[in-house]
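Here is the structure we will look at, set down as structure tokens.
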């Protein structure tokens, strides 16, 4: 039996669909004890467990042969959060402990490229075996690095685990709204009047799922694999969107970086007080300015991983949002 945490998320729900399609017996570990609405039509079992409840996590994982751990909070906030640490770090620890206790044959943990230390421009960001969260900027990056370290500590205790590091995920079945998906929707619905210079490494959710399955079947115990796609500037990203959806209005004003950073500090602080999620934060801006040279060479050589062109992913995302009436 294969247990999946985070099945309501973007990667998780696509993974569930793929495993069911392949005829696997799938169990979803969900906080509510119910299937996510968009997976209601699938023949899968459900076990109720909150990631901050170690006993419930232990009971849910009992009897599973393989665990895909994807559950977590994705955040572009520059501020630390108790909830972020409890779910991303301690929740992962509970999963690791349960997998060891119940003799799970393999744990596939979905980390993030943000857990990997940034390198100077011109240098390559690659997989590593040691993680020091204190050296990273951004609460999300720090929690994913620490969670990855906890998984590797579990490997030292006998756990068979493989770690995957996806870059910026996008693509269809984006029910909860990824950061890239939100960018597409806001742009398509003409809610993005300004932009900043920057670039990121985008990867299709379907390719990430394929990478996770390859890691399950071919990954080496204790190893990590970057699952990346293609580096693209925001300007290129918007140009592709405009060519696919001509009625869109391209952002009219580019904000200079110093102004964007100063504004982001203020806006993010206000949004935090009024509980509104900002589009851009200081952390997000710094990510878009950072080195995103993170090839998936190791995953390609050892797993047979490959990624489709970002243009195709943008087109498929746009079509999916249209079909689900999330853009006009």
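Throughout, read-outs are computed from the coordinates displayed, never taken from laboratory work. Quantities reported herein were computed from a predicted structural model and do not represent experimental measurements. Using ideal geometry, Cβ is built from the backbone for each residue, glycine included, and neighbour counts are taken over all protein chains shown.
Helical runs assigned H by DSSP (4 residues or longer) give the chain a calculated mean residue ellipticity at 222 nm of -12500 deg cm²/dmol, each run adding -39500 (n - 2.57) before division by the residue total. The ranking of 236, 83 by Cβ neighbour count inside 10 Å, starting from the fewest, reads 83, 236.
Neighbour counts of C-beta atoms inside 10 Å place 209, 20, 14, 44 in the sequence 20, 44, 14, 209, starting with the fewest. Tell me, Kirkwood radius of the chain from alpha-carbon pair distances, in Å? 20.2 Å is the Kirkwood radius here.
Seen through its C-alpha gyration tensor, with square-root eigenvalues sorted a ≥ b ≥ c, the stretch 1-100 comes out oblate because a/c lies at 1.5 or above while a/b is not bigger than b/c.
DSSP beta bridges fully contained in the chain are about 10 percent antiparallel.
Among 273, 163, 2, sorting on how many other beta-carbon atoms sit within 10 Å of each Cβ, with the fewest leading, yields 273, 2, 163. Stretching the chain fully between residue 289 and residue 179 yields a gain of 38.0 nm (0.36 nm per residue, less the alpha carbon separation).
In this simple spin-label model, placing a label point 7 Å from the Cα along the Cα-to-Cβ direction at both residue 235 and residue 124 gives a separation of 2.8 nm. Calculate how many DSSP beta bridges within the stretch 110-235 are antiparallel, expressed in % of all such bridges and rounded to the nearest 5. Around 35 percent antiparallel, to the nearest 5. A Gaussian network model of the chain, with springs between Cα atoms under 10 Å, assigns the largest mean-square fluctuation among 65, 269, 243 to 243.
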